[in-house]
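In what follows, a single structure is set out as structure tokens and then discussed.
The values are calculated or read from the model by the stated rules, or taken from the named source; none is laboratory data. Nothing here was measured: the structure is a model prediction, and the numbers come from that model. Here the Cβ positions follow ideal geometry from the backbone for every residue, glycine too, while neighbour counts run over all protein chains shown.
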Amino acid sequence: MQDDDDRNSLNPKTRLVTAGRGKASGRGIVNPPVWRASTILFEDVADLRAATRKPDDGLYYGRRGTPTAWSLADALTELEPGAEGTLLYPSGVAAISAVLLSLLDPGDELLMVDSAYEPSRALCNGLLRRFGITTRFYDPMIGAGITELIGDKTRVIFLESPGSLTFEVQDVPAICTAAKARGVTTVLDNTWATPLLFPALAAGVDISILACTKYIVGHSDVMMGSATAAPGFYAPLRRTAMQLGQCVSPDDAYLALRGLRTLGVRLRQHEEGGLAVARWLAGQPQVADVRHPALPGCPGHAVWQRDFSGASGLFSFVLNGGNDAARTALIDGLKLFGIGFSWGGFESLALPVDPAGLRTATRWDAAGPVVRLHIGIEDPADLIADLADGLKRFDAARG
Ligand SMILES: *Cc1c(COP(=O)(O)O)cnc(C)c1O
């Protein structure tokens with residue numbers, strides 16, 4: 001085993017191959033096995049008492065994890081050089097709610113990006129409000145201008161870059177610099193990029209959240225979330241996770257670790273296919289706008305070029321006029337695209353999305369209805385042919 005400094009100097013795609021293997025794979029097993037346990041038996045009472053004094057050190061109680069989950073947590077920590085540790089949660093939304101509940105007290109204010117994932121918004125307007133935590137939504141393109149929104153009660157700034165559905169790329173370093181100057185904690189939902197395309201902690205983020213359900217698992221069959229913390233932020237997250245009773249199944253942790261190994265090659269394929277489809281769409285008369293961070297028209301494209309080492313396979317396009325029925329005609333006849341929410345697997349998906357009703361700090365005025373695509377690992381030529389037929393159906397339905 002190499003020491004941490006040696007490993008951090010390696011390309012992340014190289015680190016992926018053995019990340020997190022330390023704790024679970026004795027005796028030469030390549031993939032850490034599934035360790036199932038609720039009860040842990042102690043040698044004697046003295047052993048039990050010693051374990052109780054140091055419950056974080058080794059097997060203690062199934063809810064606190066077994067080597068399978070620890071391996072996954074360690075692997076995700078290794079992908080964010082400088083991180084103190086990673087907590088695992090039963091879903092991405094569980095990670096978001098547990099992180100915010102651990103950072104905010106009644107009377108505190110949260111600044112939440114206006115292009116946030118809809119359940120993040122619902123959490124602010126629901127549970128957090130009930131607990132006396134107020135939320136102000138802010139323009140995703142605000143950058144260093146966030147300074148003017150930070151008040152005496154502001155404790156946390158939540159970022160998501162690019163934004164859900166509309167893909168604005170945020171100036172994460174500028175916002176984190178402004179936050180640090182005022183002692184405000186930053187939390188980023190980094191699900192789109194993963195640490196492979198955007199190492200969040202290196203950009204100044206305090207806590208980076210992933211819906212592992214998406215690209216980490218990568219095969220559309222496990223729900224999981226994670227939060228990776230910079231030094232000083234791990235202990236409070238862990239305390240809250242324990243109090244909420246958050247844990248993940250060892251089988252799910254095993255599948256997530258197995259998915260993680262191929263994240264590099266999968267993302268490269270999602271990027272290549274996604275760009276091919278996005279560029280083709282941008283040239284079609286039925287398409288008014290393509291929201292893909294790697295295309296020049298996307299808000300924050302220059303920031304994406306500066307900060308990201310690539311693109312994943314999720315983006316949106318705006319139709320040129322037409323109504324919901326015409327959009328439905330496009331989507332319903334697609335043969336290769338599934339209609340479904342949870343992206344990040346190997347298959348392509350199409351989804352009708354309506355951002356206008358999900359904004360309060362900014363407006364969404366688009367030329368027509370919006371379709372979000374996830375481009376899987378199919379041959380993009382086949383996907384383009386399928387979409388070309390879809391645009392013909394859109395034309396026919398639009399009249
Ligand atoms: C899917 C998603 C989540 C939530 O993850 P779940 O595992 O489905 O709870 C959070 N943020 C973003 C950006 C997502 O796409």
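Descriptive notes on the structure:
Residue-by-condition table, conditions (1) modelled with pLDDT under 95; (2) among the aliphatic types (A, V, I, L, M):
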| residue | (1), (2) |
| --- | --- |
| ASP5 | yes, no |
| THR14 | yes, no |
| ALA24 | yes, yes |
| GLY28 | yes, no |
| PRO33 | yes, no |
| LYS54 | yes, no |
| GLY58 | yes, no |
| GLU84 | no, no |
| LEU87 | no, yes |
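- Of everything in the stretch 312-327 that is surrounded by fewer than 17 Cβ atoms within 10 Å (Cβ to Cβ) and in contact (Cβ under 8 Å) with a residue 60 or more places away in the chain, the residue that is nearest to GLN286 (Cα to Cα) is GLY321.
- The stretch 92-101: number of residues that are in contact with a strand residue (DSSP E or B) (Cβ under 9 Å, 6 or more places away or on another chain) and either more than 15 Å from the ligand (Cβ to nearest atom) or over 16 Å from THR228 (Cβ atoms) (or both): 2
- From ALA356, ALA326, ALA361, ALA350, residue being away from the ligand (no atom under 14 Å from the Cβ), under 20 Å from ARG291 (Cβ atoms) and part of a strand (DSSP E or B): ALA350
- Some residue of the stretch 227-236 being under 14 Å from the mean Cα position of the chain (by Cα) and in contact (Cβ under 8 Å) with a residue 60 or more places away in the chain: yes
- Within the stretch 68-85, tally of residues that are farther than 21 Å from THR240 by Cβ and either buried (at least 22 other Cβ atoms within 10 Å of the Cβ) or among the β-branched types (Val, Ile, Thr) (or both): 5
- Leading residue by the ranking (farthest from TRP343 (Cα to Cα)) among those in the stretch 373-399 that are of a type in the set (Lys, Arg) and buried (at least 17 other Cβ atoms within 10 Å of the Cβ): ARG398
- Exactly one residue out of PRO199, PRO173, PRO162 is surrounded by fewer than 24 Cβ atoms within 10 Å (Cβ to Cβ), at negative phi and either within 12 Å of the ligand (Cβ to nearest atom) or in a loop (DSSP other than H, G, I, E, B) (or both), and it is PRO199.
- Residues being crowded, with 20+ Cβ neighbours inside 10 Å, in contact with a Lys or Arg (Cβ under 9 Å, 6 or more places away or on another chain) and either among the aliphatic types (A, V, I, L, M) or outside any helix (DSSP H, G or I) (or both) - total across the stretch 86-108: 3
- When GLY145 is tested against (1) more than 11 Å from the ligand (Cβ to nearest atom); (2) in contact with a helix residue (DSSP H, G or I) (Cβ under 8 Å, 6 or more places away or on another chain), just one condition goes unmet, and that condition is (2).
- Filter pass, PRO106 being more than 14 Å from the ligand (Cβ to nearest atom) and either modelled with pLDDT under 95 or in contact with an Asp or Glu (Cβ under 9 Å, 6 or more places away or on another chain) (or both): no
- Identity of the residue in the stretch 176-196, hydrophobic (A, V, I, L, M, F, W, C) and over 24 Å from HIS270 (Cβ atoms), that ends up surrounded by the most Cβ atoms within 10 Å (Cβ to Cβ): VAL187
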